[in-house]
Every structure is written in structure tokens, then in C-alpha cells.
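The structure appears right after this line, and notes come after that.
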Amino acid sequence: MRERVEVSSGLVLRRWDPRDAAAVATAFADPLMREQTSRPIGSSEDAQRWIAERADEWESGSAFAFAVVDGADAVLGQVSVGAVNRRHSVGWVSYWTTAAARGRGVASHACRVLARWAFDEAELFRLELGHRVNNPGSCRVAHAAGFSVEGLQRQKLAYDGIRYDVECHARLATDPDPDPAR
């Protein structure tokens, strides 16, 4: 499986590298990102651990995480396929962008390319994702990447004592590729 994928928009998806620790620590210092990991990332050591966990997941085939970088190799975000179930050929897609990269189409472009990679190279058939209903940006990314709405999971997530509904999306290997101009 390719560990580096060029995106037509000038972006590159590549495996995480230990040299990315400062970028990871900076990304997760953003208040919008703090709750996106199971353990806080508050130091360079935490970021190194996070990167090592991504490498372990890749090696075991349980998840495939890509750093999304620009032409200068600056980290703009991440796209990944996790919770890979080989029996059913299903994976869970997630994505995030740095504060500076939000609203520029980075996640949409990267997620489209990740989906094609997951179908063609990881041999998955179904990709799923979910987002809080109060996150319209994530919903736009899902639609732009060709994921169809499948339903609502009521009060699935809890942050700071508040429960949030999650809208579920999926894309199948047999679905047409979305128009990149979207």
C-alpha cells in the first residue's frame, strides 16, 4: 500500500513522521482539537507517543493515518481510516485540520483521496464517518468527499457534561467518485 499519495490540489498525504511532533502538539493545543484524542497532547513527548501509536496501528493493519501536508511539507491536518474490520471490509474515516488550514478545502480534498486509497489499496468496501450535528464544517467535508447521510445517533458523544447527537455518513466502493469541483 502506498504510504504517500499526491493530491491534485498540491497537497500530499503521507505517513506521520517523528519530525512532525511539534506540528501535532501545536494542532492539539487548539481548543477545538483538545477533545479529539483519548489522551491529552500537551507536550512534545505526548505528540511523539501519538505519532508512534499511528505507526503501530498502520503496522498492525488496524488503522491508516496520513498527515496532510502542503508542498513545503507543512502539516495542515490528518485523514485516517481506523477501526478497520477485515471480515466486513469496513473502516471508520476521521479527519481534522489545523486552525490555519480550515475553510480552504484541505479536509475535503484529502478525504476524497483517502476514500479512493482505502477502496483501492486497503481493499475496503464501506467507509463510515460521523460528526456532531453542531459541526456544519465537518458535514460539508463528508458531503464533498462523497459520503451519504445514513442517520442520526442520538446523544452519542459527551463533552464537558453536554451530550451531542451524531450524524452518520457512509460511502461505498461502488459509489461514484464525487466531483472534485464541489
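The values are calculated or read from the model by the stated rules, or taken from the named source; none is laboratory data. All figures in this text were calculated on a predicted structure; none of them were measured in a lab. No Cβ is skipped: glycine too gets one built from the backbone with ideal geometry, and neighbour counts run over all protein chains shown. Remember, those area values only see protein heavy atoms, side chains included, never the ligands or the DNA or RNA. Shrake-Rupley method; radii C 1.70, N 1.55, O 1.52, S 1.80 Å.
Within the span defined as segment 79-88, one or more residues are over 26 Å from Leu152 (Cβ atoms) and open to solvent by 30 Å² or more (accessible area, probe 1.4 Å). Checking each residue in segment 89-106 for being open to solvent by less than 40 Å² (accessible area, probe 1.4 Å), of a type in the set (S, T, N, Q) and not in a loop (DSSP other than H, G, I, E, B) picks out only Thr97.
When each of Leu152, Leu157, Leu129 is tested for being surrounded by fewer than 23 Cβ atoms within 10 Å (Cβ to Cβ), touching a strand residue (DSSP E or B) at 6+ places or on another chain (Cβ under 8 Å) and closer than 15 Å to Gln36 by Cβ, the lone residue that passes is Leu157. Of the residues making up segment 28-52, those that are open to solvent by less than 60 Å² (accessible area, probe 1.4 Å), out of contact with any strand residue (DSSP E or B) (no Cβ under 8 Å at 6 or more places or on another chain) and either in contact (Cβ under 8 Å) with a residue 40 or more places away in the chain or of a type in the set (A, V, I, L, M) (or both) are Ala29, Asp30, Ile41, Ala47, Ile51, Ala52. Scanning segment 28-60 for residues that are more than 29 Å from Ala122 (Cα to Cα), polar (S, T, N, Q) and in a helix (DSSP H, G or I) yields a single hit, Ser44.
Out of Ala65, Ala55, Ala25, report the one residue that is touching a Ser or Thr at 6+ places or on another chain (Cβ under 7 Å), open to solvent by 20 Å² or more (accessible area, probe 1.4 Å) and free of Cβ contacts under 8 Å to residues at least 60 places away in the same chain.
Going through Ala65, Ala55, Ala25 in turn, just one is touching a Ser or Thr at 6+ places or on another chain (Cβ under 7 Å), open to solvent by 20 Å² or more (accessible area, probe 1.4 Å) and free of Cβ contacts under 8 Å to residues at least 60 places away in the same chain: Ala25.
The residue list Val84, Val68, Val113, Val79 contains one member that is within 14 Å of the chain's Cα centre (by Cα) and in a helix (DSSP H, G or I), which is Val113.
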